[in-house]
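Written out below as structure tokens is the structure these notes cover.
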Amino acid sequence: MPDFEPKIVAFVCNWCTYAGADLTGTSRMKYSPQVSIIRFPCTGRIDFMLLLKAFASGADGIIVSGCHPNDCHYSSGNFHARRRWIIFRGLLDFLGIDVRRVQFSWYGRWGRSRATSACAAWA
Amino acid sequence: MNALREKARELLAAKTVQVVIGYGRGSGGSARAVFMRAPAQAAELIFDATCLQNLAVYLMKPEVRKLGKAALVATPAALRTILQLAAENQVADNSLLALAPVGEDIMPLATFAAIEAHVAAADHDLSAAEGAELGKFAAMGLEERRRFWEEQFSRCLKCYACRAACPLCYCTRCTVECNQPQWIPVPAHDLGNLEWNVMRAMHLAGRCVNCGDCSRACPVGIPLYLLNQKLISDVSSVFQARSGMAARSDNAMSTFKPNDPEDFIR
Amino acid sequence: MARIGVFICHCGENISATVDVGKVAEAAARIPGVAHSVDYKYMCSDPGQQMVQNAIREKNLTGVVVAACSPRMHEPTFRRACAAAGLNPFLCEMANIREHCSWVHEKGDATTEKAIDIVRTLVAKVKKNKALQPIKVPVTKVAMVIGGGIAGIQASLDIANAGHRVILVEREPSIGGHMSQLSETFPTLDCSQCILTPRMVEVAQHANITLHTYSELESLEGFIGNFKARIRKKARSLDEKLCTGCGLCAQKCPTRRIASEFDAGLGLRPAIYVPFPQAVPNKPVIDREHCTYYLKGKCRLCEKVCPTQAIRFDQEDEIVEVDVGAVVLATGFDIKHSDFFPEYGYGKHKDVIDGLQFERLASASGPTLGEMRRPSDGKVPETVVFVACAGSRDPAKGIEYCSKICCMYTAKHAMLYKHKVHHGKPYVFYMDIRAGGKMYEEFVRRAMEEDGVQYVRGRVSRIFERNGKLVVKGADTLLGARPMEIEADMVVLATAGVAQAGAEELAQKLHVSYDAHKFYAEAHPKLRPVETNTAGIFLAGACQAPKDIPESVAQASGAAAKVAALFSQAELVREPLIAVVDRQAPPLYSSCVGCFLCQSACPYQAIEKEEIRGRDGQLLKTVAKVNPGLCQGCGTCVAFCRTKSIDIQGFSHEQVHAEVLALLNRGDRDA
């Protein structure tokens, strides 16, 4: 294991991924303490400026995660977010920023496998 | 050019409009924007290959708005700007007259419908050269691209000339001026410069009409048009959308399709 | 200056086993702005809550961070505790150091460090929190139910029985919907009319229900609790108050050969008619498209025979305006007709009928008075083929979904046929049999085993006429795709259930979303199945997706319960976690530039235009305004707004920005 411990910020929606992360806790699955979570009402609320701000403030990696398409608590916030991500990701890549540093996910099985593989990808 | 001058004189004499916004000869053979308010001034108008500026930018300036109804010498990009401004509720139909140069002639377009028809007849795809330049970037390695932009942005002075020149950067209070919270750091440094330039490009996604005035305005020569063209290309290929084609249209970024691609989402 | 109190919970050992809570409390005390920091074994216990309340009072706290379990668990608990001590509840935040920290990491410094990070993040957030007041919206305690089929009837009765007024709007001249057309119902084979008509009468007689039949919604404006509906009462050409429903007009009407909608085109009706004998209301309507007077200018026979002079030829449509607090959509479904199927002759064979037509043939009130006689020549069919999945589950026909009710009603049809024609031979072609439901599988088994219905697994490729017989060509896929040919006397297609005509138009009037097949979309496919995305508008029955009667009734009662819950309060009190557009000093007024790109991003149509005017009434600026009744607080507009003019309370720009910086700014941890 390298000495470098990437600092990862997870921007998550309240309804699927935050609740999922709670469930991960309830089921005592383990992941790296380098991953911290910030709660939002919906992925639609997650401003790309905050992702930039996180990078500018020293985050090594970012996770953005919310409800699956059609499962959004607000019906379409995640669809709007997805459009924004597509464009934002394309722009970051164009600027030479490794887009693997921002991982987008629909909440599925948050937990050890996801978080640790995410850490490994940045380590 | 004569047709243009004649038209401008006629419009001002008949008081159909209060001001004609066009191009005049500036220093060193360049073109500059001129604001004609009397028929006699019309003789100063020019239109040639040096007339590149998107004059629609002035439609959003309060000091120009105060002058009254305007006629505007409008390049294809300016026409699309008018339609995009209309889609964003910034200009009303029949409130301005676009003068579109067609060869030696001049075509007055008084309504959004007329502008739409004129715009629809032309090709607005990125040119082969523009496409090739984007292709060159795509072919570069990630690191090479990063170094390229790092060098470019390191020269950014945060003078915001790009913003002033952009006809779609019309917000009265830009996020840059927002200090609670301070989204963009005030001093010019690498990280803040990156944030500013990403924000500028993102805010133009689905809106930019590729007039190129941001790059022309940049005093340190950052090729900002590349960022815009990259997003134009993505919006067009992924969402099949193009800005400035209709006066009533939803923005590509504020709408969605349930089947938008998501191969990158895990 | 902020005076934040931080309260760190051990949660027994749930947190303290892996997190050094004492160290967290010490670190928290050093965060600028923290005036009080303690740890305690059980913060959510009474003594724990008391500690929070005492500290608020004694230390004059301006904000509280409880570092404990998930806010989804105890945020309401601690917010209530703060409110009781006089601190605005929205100045309390929870730092989740249990689910997101102590439970998912091993004991160690890194885990304690993370807990400190989380606390610091939430302290930074709470410093930017603002005292918020709950939003109160008045509620008009009147419900409008659109559609008077079984779902609309059930919803109306349930809401009315809960003591609230109901306005029931039905497009047809009578309520009853498709259920009134059915002969018997599965899986009990009890008579549909016998169980439905008492409910219809109850609706008509209920003191709390106002019935508008032959009426359609013209427009709906407003928001939850405060809708304004305009209802178009189409002209019946009749004074309903005078009409006694004696039926003389219909008996004497000379125009008698109009295909009856109620009998699915198999029976005939006059131009002035009551759809069926048990109609509610039992008042006729003149079909102006067929009435001789409207077509040729003379006749007026009905007017002459009417003993109460109730006929009104010059009657015009009437618009009724009503204030309602909630809407239940129960507009039901329709079916594809046999003309949808080129392979089965585009409806040109009279004896290829759809399921609703079979219901009428089997019904004692139907055109054959319940005798099983085929439409073409009235002969008793000796062999009948039932085709399930006619159109359904067929992407080539544009209908990918399962219509859900066909397996069951096809089994019922085959049984009814067999019960009426004992020597008859029923065949059923099917793809799969989907008989999930109480007593459903047993019912299908009974059709096969007791009534001898022949089930053939395979699809019918073609139907054509030969020597007076309908030749049904198909394949039996359970016998190696053996080709089959049956000479039938009648064929019944279990055609796909589809959305009602006009479903899309109505959805647009109401601003509710719908799927690709024009079925109305529920707010959440699992957890909010009776709500739409528009607050205050609920769904019942087959307008949401094909459903059978018990499901429609259950959903209708669910929708009614939602309406009753909404009406149980004098005011609608909502958490103020909604978006707001900023206000600035003149000459800016608001940083909003009025581009209104946010409008299409809002899933709830909550963004309106607001005109800011000067004292002289001059228009200064048009800006966006968020309707607090409609906004649900997703914040999609907030992230979309270029000028950051829209903000969302509880997750504001300042709050989340401070969180990101605090989480990553590790430099001041020990400061």
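The values are calculated or read from the model by the stated rules, or taken from the named source; none is laboratory data. Given the structure is predicted, the values throughout are model-derived calculations rather than measurements. Backbone-built Cβ (ideal geometry, glycine too); neighbour counts: all protein chains shown. Note: areas computed on protein heavy atoms with side chains; ligands, DNA, RNA excluded. Shrake-Rupley method; radii C 1.70, N 1.55, O 1.52, S 1.80 Å.
Can you spot a residue in the stretch C:605-613 that is in contact with a helix residue (DSSP H, G or I) (Cβ under 7 Å, 6 or more places away or on another chain) and either free of Cβ contacts under 8 Å to residues at least 12 places away in the same chain or surrounded by 24 or more Cβ atoms within 10 Å (Cβ to Cβ) (or both)? Within the stretch C:605-613, none of the residues are in contact with a helix residue (DSSP H, G or I) (Cβ under 7 Å, 6 or more places away or on another chain) and either free of Cβ contacts under 8 Å to residues at least 12 places away in the same chain or surrounded by 24 or more Cβ atoms within 10 Å (Cβ to Cβ) (or both).
Each residue in the stretch A:34-62 was checked for being more than 7 Å from every other protein chain (Cβ to nearest Cβ) and open to solvent by 10 Å² or more (accessible area, probe 1.4 Å), and 4 of them qualify. State whether the residues of the stretch C:248-256 include one that is of a type outside the set (Gly, Ala, Ser) and in contact (Cβ under 8 Å) with a residue 60 or more places away in the chain. Scanning the stretch C:248-256, I find at least one residue that is of a type outside the set (Gly, Ala, Ser) and in contact (Cβ under 8 Å) with a residue 60 or more places away in the chain, so the answer is yes. Say whether the condition of being assigned to a strand (DSSP E or B) and either more than 38 Å from the chain's Cα centre (by Cα) or β-branched (Val, Ile, Thr) (or both) is met by at least one residue in the stretch C:428-445. The answer is yes, given that some residue of the stretch C:428-445 is assigned to a strand (DSSP E or B) and either more than 38 Å from the chain's Cα centre (by Cα) or β-branched (Val, Ile, Thr) (or both). You will find that of C:Gly177, C:Gly225, the residue that is modelled with pLDDT of 95 or more and not assigned by TED's automatic domain parsing to the domain that holds C:Thr368 is C:Gly177 and no other.
Taking every residue in the stretch C:132-154 that is touching a residue at least 24 places away in the same chain (Cβ under 8 Å) and pairing it with any residue that is of a type in the set (Gly, Ala, Ser) and part of a strand (DSSP E or B), at least 6 positions away or on another chain, the pairs with Cβ-Cβ distances below 8 Å are C:Ala143/C:Ala326; C:Met144/C:Ala229; C:Met144/C:Ala326. Within the stretch B:64-103, restricting attention to residues that are without any contact (Cβ under 8 Å) to a residue 40 or more places away in the chain and either within 14 Å of chain C (Cβ to nearest Cβ) or polar (S, T, N, Q) (or both), the residue that is least open to solvent (accessible area, probe 1.4 Å) is B:Val91. Here C:Leu493 meets each of (1) surrounded by 15 or more Cβ atoms within 10 Å (Cβ to Cβ); (2) touching a residue at least 40 places away in the same chain (Cβ under 8 Å); (3) not in a strand (DSSP E or B) with one exception, condition (3).
One residue stands out among those in the stretch A:16-33 that are hydroxyl-bearing (Ser, Thr, Tyr) and assigned to a helix (DSSP H, G or I): the one that is farthest from the other protein chains (Cβ to nearest Cβ), which is A:Thr17. Restricted to the stretch B:1-87, the set of helices (runs of 4 or more DSSP H) holding at least 2 residues that are among the aliphatic types (A, V, I, L, M) and not assigned by TED's automatic domain parsing to the domain that holds B:Leu204 comprises B:2-13, B:76-87.
One residue stands out among those in the stretch A:86-103 that are open to solvent by less than 10 Å² (accessible area, probe 1.4 Å) and more than 7 Å from chain B (Cβ to nearest Cβ): the one that is modelled with the highest pLDDT, which is A:Leu92.
For the stretch B:149-156, check the following and say yes or no: at least one residue is more than 19 Å from the chain's Cα centre (by Cα) and within 30 Å of C:Gln655 (Cβ to Cβ). Within the stretch B:149-156 (the criterion being more than 19 Å from the chain's Cα centre (by Cα) and within 30 Å of C:Gln655 (Cβ to Cβ)), the answer is yes, since at least one residue qualifies.
Scanning the stretch B:58-90 for residues that are among the charged types (D, E, K, R) and either in contact with a strand residue (DSSP E or B) (Cβ under 6 Å, 6 or more places away or on another chain) or under 20 Å from B:Asp250 (Cβ atoms) (or both) yields B:Arg80, B:Glu88.
Taken over the stretch C:36-53, the criterion of being touching a residue at least 24 places away in the same chain (Cβ under 8 Å), farther than 16 Å from C:Ala25 by Cβ and polar (S, T, N, Q) is satisfied by C:Gln49, C:Gln53. Does the stretch C:29-52 contain at least one residue that is aliphatic (A, V, I, L, M), surrounded by fewer than 18 Cβ atoms within 10 Å (Cβ to Cβ), part of a helix (DSSP H, G or I) and under 43 Å from the mean Cα position of the chain (by Cα)? No, there is no match, as no residue in the stretch C:29-52 is aliphatic (A, V, I, L, M), surrounded by fewer than 18 Cβ atoms within 10 Å (Cβ to Cβ), part of a helix (DSSP H, G or I) and under 43 Å from the mean Cα position of the chain (by Cα). Inside the stretch C:282-312, residues that are out of contact with any Asp or Glu (no Cβ under 7 Å at 6 or more places or on another chain) and either in a helix (DSSP H, G or I) or buried (at least 16 other Cβ atoms within 10 Å of the Cβ) (or both) make up a count of 19. When you scan the stretch B:242-258, do you find a residue that is without any contact (Cβ under 8 Å) to a residue 40 or more places away in the chain, surrounded by 17 or more Cβ atoms within 10 Å (Cβ to Cβ) and more than 10 Å from every other protein chain (Cβ to nearest Cβ), even just one? Among the residues of the stretch B:242-258, not one is without any contact (Cβ under 8 Å) to a residue 40 or more places away in the chain, surrounded by 17 or more Cβ atoms within 10 Å (Cβ to Cβ) and more than 10 Å from every other protein chain (Cβ to nearest Cβ), which makes the answer no. In the condition set (1) outside any loop (DSSP other than H, G, I, E, B); (2) buried (at least 18 other Cβ atoms within 10 Å of the Cβ), C:Phe262 is compliant with all but (1).
Inspect all residues belonging to the stretch C:457-479 and state whether any of them is in a loop (DSSP other than H, G, I, E, B) and of a type in the set (A, V, I, L, M). The answer is no, given that none of the residues of the stretch C:457-479 is in a loop (DSSP other than H, G, I, E, B) and of a type in the set (A, V, I, L, M).
Results for (1) under 28 Å from A:Ala81 (Cβ atoms); (2) more than 13 Å from chain B (Cβ to nearest Cβ); (3) in contact with a strand residue (DSSP E or B) (Cβ under 6 Å, 6 or more places away or on another chain); (4) in contact (Cβ under 8 Å) with a residue 60 or more places away in the chain, shown as yes or no for each residue.
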| position | (1), (2), (3), (4) |
| --- | --- |
| C:Ile578 | yes, yes, no, yes |
| C:Pro586 | no, no, no, no |
| C:Gly594 | yes, no, yes, no |
| C:Cys598 | yes, no, yes, no |
| C:Asp616 | no, yes, no, no |
| C:Leu619 | no, no, yes, no |
| C:Val623 | yes, no, yes, no |
| C:Val626 | yes, yes, yes, no |
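Taken together, C:Ala624, C:Ala658, C:Ala671 contain a single residue that is farther than 28 Å from C:His511 by Cβ, of a type in the set (Gly, Ala, Ser) and at pLDDT 95 or above, which is C:Ala658.
Counting only residues that are more than 11 Å from every other protein chain (Cβ to nearest Cβ) and open to solvent by less than 30 Å² (accessible area, probe 1.4 Å), which one in the stretch C:514-535 is modelled with the lowest pLDDT? Filtering first and then ranking leaves C:Ala535. Within the stretch C:13-31, residues that are within 17 Å of C:Lys107 (Cβ to Cβ) reach partners that are open to solvent by 20 Å² or more (accessible area, probe 1.4 Å) with beta carbons closer than 6 Å, at six or more positions or on different chains, in the pairs C:Asn14/C:Arg98; C:Ile15/C:Arg98; C:Ser16/C:His10; C:Thr18/C:Lys107; C:Val21/C:His10; C:Val21/C:Asp39.
What tally of residues in the stretch C:70-88 results from selecting those that are in contact with a strand residue (DSSP E or B) (Cβ under 7 Å, 6 or more places away or on another chain) and not basic (Lys, Arg)? Final tally of qualifying residues: 7.
In the stretch C:101-125, the residue that is farthest from the other protein chains (Cβ to nearest Cβ) out of those that are of a type in the set (Asp, Glu) and open to solvent by 10 Å² or more (accessible area, probe 1.4 Å) is C:Asp109.
Taking B:Phe153 as the residue in question, decide whether it is of a type in the set (Phe, Trp, Tyr), open to solvent by less than 20 Å² (accessible area, probe 1.4 Å) and within 14 Å of chain C (Cβ to nearest Cβ). Answer is no for this residue.
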